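Asks: The structure is given below, and queries will be raised subsequently.
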Amino acid sequence: MPLNVWGISAPTCDAFCGHDKLIQGYGDAAQILITLSTWLFPFLALIAQLPFEADGPANNFISGAMALGSPVMVTYSLVLTTLNRNYVQNIFNRMRREEKAKNVQSGIKENLKTVPFILGEVQHAPIRVSQRDSWLSSLICLEENVPFWSSVKEDLLKTGRRFTYSFWAQVLFATFAYISSFVAAMKDDLGDPAIGLHFATSIVWSWMLPIVYGYVFVGCQHRDGCIYDALNKQAYCEGQDVDGASIIPSSQSSQHQSQISQVTSYPPSQVLRPPKNHSPKWWGLDVRGDERKEGPIFNYARVHTWFNLVEHIKTGFENTLANAASTSDTAEICGFEDGELEMFSKRRSHVRASWHMFSAALIALFLQWGTTTAGIVVAYLTPMVGLGCRSGSFLLYGLLATLAWAVLVVASELSYTVMSYHEHQIIPSTSGVYLPWRIKIYTALAIALRFFGKILVVLNAGWLIAFSIMEDLGFFQNCWCQTDALQYKMSGWTPVFKAAIDLRGTASGVWSGGFAMSIAICILVGGFFHLSLQRR
């Protein structure tokens with residue numbers, strides 16, 4: 001056979017080889033298990049370290065599906081959390097350094113150190129503040145409430161996720177398996193197309209390494225309900241007893257224990273405008289959607305409401321520093337009016353929130369497409385060079401992940417628009433609450449897009465696992481996939497007459513480049529989380 005003959009054409013493959021003649025190792029259980037254990041199982045084990053902490057099995061399933069089905073989404077929420085923590089820490093540090101902060105009570109100074117951590121931590125749950133009966137201003141101004149803030153911080157620290165031996169065992173094992181498999185492949189199997197394609201699949205999973213590290217380092221709670229449990233404490237409210245403050249009787253504790261609480265926790269009699277407690281629905285689905293769900297991956301939907309929360313508390317502390325000596329009324333000191341404070345303001349959060357969203361999107365897309373592109377390049381340049389079943393699967397996975405993220409973000413923005421209108425401009429009628437057609441359309445679009453996005457992430461998560469297993473089981477070892485028919489149709493060919501040693505020169509640069517690219521991206525993103533977060 002001439003040395004320059006590499007393989008056979010697609011028509012020849014179909015005519016003489018048949019569907020199953022090119023399958024390599026299909027049905028060899030031992031070889032399949034070795035391949036799965038080498039390239040896939042270490043990353044599957046890391047799924048246990050992804051951010052769940054949602055309310056109930058269904059929401060935890062969706063959390064996992066959103067992470068696997070859209071790495072750009074899980075990264076986007078994590079980067080937002082990191083940037084938001086730094087923002088709130090910076091503004092309170094700035095207040096502490098101001099000259100007027102030196103003249104206030106020691107308790108206020110202590111709160112300026114404690115509150116930033118609490119505000120950073122409550123990003124993982126829907127929170128609103130209330131000034132009803134001077135609740136929030138009492139929390140900010142009264143010395144008697146300093147233990148409230150410190151106790152909340154202490155509880156949140158106790159229930160936060162920490163680096164454990166089991167965490168490090170899983171992460172280090174997955175990292176070692178990824179690196180050692182590459183080194184072994186370069187030494188013993190360089191040029192083998194099958195090994196190269198297994199390696200390309202593992203590259204697509206490598207985004208998990210910085211993400212599981214980032215969520216523990218940046219901080220989240222180890223289960224749902226921890227934030228509300230920490231906030232559910234008895235506090236003092238402005239009154240006539242005990243040095244100008246009176247402790248709330250235990251009989252009223254369910255109403256007054258915490259000045260920060262979930263919207264739905266307020267009885268209708270305590271809500272300034274009852275319709276605010278009932279968000280619009282479409283086909284029985286709540287327009288607020290992910291915004292009202294606990295869990296760190298849903299932080300993407302709370303970016304505006306969280307900034308509104310921070311703005312209220314920041315304003316209260318700033319006014320306290322400026323007005324503490326001018327009056328004894330806490331509401332006047334903080335500059336608050338009695339009643340519920342805005343959760344959904346009429347305008348979007350200030351420019352900082354938009355900048356955080358833009359920055360988070362860039363970093364999330366960098367991680368998603370950096371690792372996915374590295375996998376695509378390795379698969380594309382493995383003979384037969386072209387867009388085939390493997391590289392096409394990776395490309396489809398990246399596109400669906402990005403589309404799902406974009407759809408869910410747009411849905412959350414529409415949801416906020418609806419809730420903002422609902423909170424400020426609702427018009428009672430004899431049949432309930434009147435909403436104009438524009439808001440009704442936004443409501444339907446928000447819910448429909450969110451439903452569509454959730455379907456996409458579930459399907460894409462299944463697709464990620466499916467094509468990874470299909471590769472190891474040999475389902476792609478057929479004429480259509482081997483000849484890259486996705487790109488070349490019947491003009492492709494498959495290199496059946498060339499051994500791994502003949503392809504070593506081509507594979508060396510491609511494999512090394514793909515591996516180096518994935519490692520560099522993981523280090524850069526992991527380094528961002530490690531270096532950008534201020535120590536608390």
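Asks: Evaluate the following for ALA177: is it surrounded by 19 or more Cβ atoms within 10 Å (Cβ to Cβ), farther than 27 Å from TYR300 by Cβ and at pLDDT 80 or above?
Replies: On the way: surrounded by 19 or more Cβ atoms within 10 Å (Cβ to Cβ): yes; farther than 27 Å from TYR300 by Cβ: yes; at pLDDT 80 or above: yes.
Answer is yes for this residue.
Asks: Please work out if LYS187 is over 30 Å from GLY120 (Cα atoms) and open to solvent by 10 Å² or more (accessible area, probe 1.4 Å).
Replies: Details: over 30 Å from GLY120 (Cα atoms): yes; open to solvent by 10 Å² or more (accessible area, probe 1.4 Å): yes.
The answer is yes for LYS187.
Asks: Taking only pairs six or more apart or across chains, which ones have beta-carbon atoms under 6 Å, a first residue in segment 53-80 that is at pLDDT below 95, and a second residue that is open to solvent by less than 10 Å² (accessible area, probe 1.4 Å) and of a type in the set (Ser, Thr, Tyr)?
Replies: ALA54/SER63
Asks: I'd like to verify a number: residues in segment 363-399 that are of a type in the set (Phe, Trp, Tyr) and open to solvent by 20 Å² or more (accessible area, probe 1.4 Å), how many? Write out each step before concluding.
Replies: Taking segment 363-399 as the starting set, the residues that turn out to be of a type in the set (Phe, Trp, Tyr) are 366, 369, 380, 394, 397.
With the extra rule that they be open to solvent by 20 Å² or more (accessible area, probe 1.4 Å), the set shrinks to 366, 369, 380.
Qualifying residue count, segment 363-399: 3.
Asks: If you don't mind, there's one more thing I want to ask. Give segment 468-486 a look and list any residue that's part of a helix (DSSP H, G or I), touching a residue at least 60 places away in the same chain (Cβ under 8 Å) and surrounded by fewer than 21 Cβ atoms within 10 Å (Cβ to Cβ), or say none.
Replies: Let us first name the residues in segment 468-486 that are part of a helix (DSSP H, G or I), namely 468-473, 479-482, 485-486.
Filter once more, so that each one left must be touching a residue at least 60 places away in the same chain (Cβ under 8 Å): 468-469, 471-473, 479-482, 485-486.
ILE469, LEU473, TRP480, LEU486, listed by residue number.
Asks: Which pairs do you get when a residue that is open to solvent by 30 Å² or more (accessible area, probe 1.4 Å), found in segment 142-169, comes within reach of a residue that is hydrophobic (A, V, I, L, M, F, W, C) and not in a helix (DSSP H, G or I), reach meaning Cβ atoms under 9 angstrom, with the pair 6+ apart or on two chains?
Replies: Hits for this filter: GLU143/ALA245; GLU144/ALA235; GLU144/VAL242; GLU144/ALA245; GLU144/ILE247; PRO147/ALA235; ARG161/CYS220.
Asks: While we're on this one: GLY474: modelled with pLDDT under 80, within 25 Å of PHE43 (Cβ to Cβ) and among the small types (Gly, Ala, Ser), yes or no? Please lay out each step first, then the result.
Replies: Values: modelled with pLDDT under 80: yes; within 25 Å of PHE43 (Cβ to Cβ): yes; among the small types (Gly, Ala, Ser): yes.
Yes.
Asks: Hey, could you check segment 391-430 for residues that are over 27 Å from GLY462 (Cβ atoms) and of a type in the set (Phe, Trp, Tyr) and say which is modelled with the lowest pLDDT?
Replies: Filtering segment 391-430 for residues that are over 27 Å from GLY462 (Cβ atoms) and of a type in the set (Phe, Trp, Tyr), the one modelled with the lowest pLDDT comes out as TYR421.
Asks: Follow-up question, since we're still on this one. Quick one: in segment 52-69, of everything that is over 19 Å from VAL303 (Cα atoms) and not aliphatic (A, V, I, L, M), which residue is surrounded by the most Cβ atoms within 10 Å (Cβ to Cβ)?
Replies: Here is the first cut: in segment 52-69, the residues over 19 Å from VAL303 (Cα atoms) are 55-62, 64-65, 68-69.
Applying the additional criterion that residues be not aliphatic (A, V, I, L, M) yields 55-57, 59-61, 64, 69.
Working: ASP55: 15, GLY56: 11, PRO57: 9, ASN59: 19, ASN60: 17, PHE61: 14, GLY64: 21, GLY69: 27.
Step by step, filter segment 52-69, then rank; the result is GLY69.
Asks: Let me ask something else about it. Looking at GLU144, GLU154, which one is more than 30 Å from ASP472 (Cα to Cα), at pLDDT 90 or above and in a helix (DSSP H, G or I)? Can you show your working first?
Replies: Working: GLU144 fails: at pLDDT 90 or above.
Going through GLU144, GLU154 in turn, just one is more than 30 Å from ASP472 (Cα to Cα), at pLDDT 90 or above and in a helix (DSSP H, G or I): GLU154.
Asks: Oh, and also: Check LEU190, LEU209 and return the single one that is assigned to a loop (DSSP other than H, G, I, E, B), farther than 13 Å from THR38 by Cα and not hydroxyl-bearing (Ser, Thr, Tyr).
Replies: Numbers: LEU209 fails: assigned to a loop (DSSP other than H, G, I, E, B).
Only one candidate passes the filter, namely LEU190.
Asks: Turning to a different aspect of this structure: Exactly one of (1) more than 28 Å from ILE297 (Cβ to Cβ); (2) touching a residue at least 12 places away in the same chain (Cβ under 8 Å) is unmet by ALA516. Its number?
Replies: Condition (2) is where ALA516 drops out.
Asks: Pull up segment 129-141, narrow it to residues that are modelled with pLDDT under 80 and open to solvent by 10 Å² or more (accessible area, probe 1.4 Å), then point me to the one that is nearest to the chain's Cα centre (by Cα).
Replies: Step by step, filter segment 129-141, then rank; the result is ARG132.
Asks: Here's a follow-up. May I ask you to verify whether SER166 is touching a Ser or Thr at 6+ places or on another chain (Cβ under 6 Å) and assigned to a helix (DSSP H, G or I)?
Replies: Spelling it out, it is not the case that SER166 is touching a Ser or Thr at 6+ places or on another chain (Cβ under 6 Å) and assigned to a helix (DSSP H, G or I).
The values are calculated or read from the model by the stated rules, or taken from the named source; none is laboratory data. Just so we're clear, the structure is a prediction, and the values are computed from it rather than from any experiment. Every residue, glycine among them, receives a Cβ derived from its backbone with ideal geometry; neighbour counts consider all protein chains shown. Surface accessibility is based on the protein's heavy atoms, side chains included, excluding ligands, DNA and RNA. Shrake-Rupley method; radii C 1.70, N 1.55, O 1.52, S 1.80 Å.
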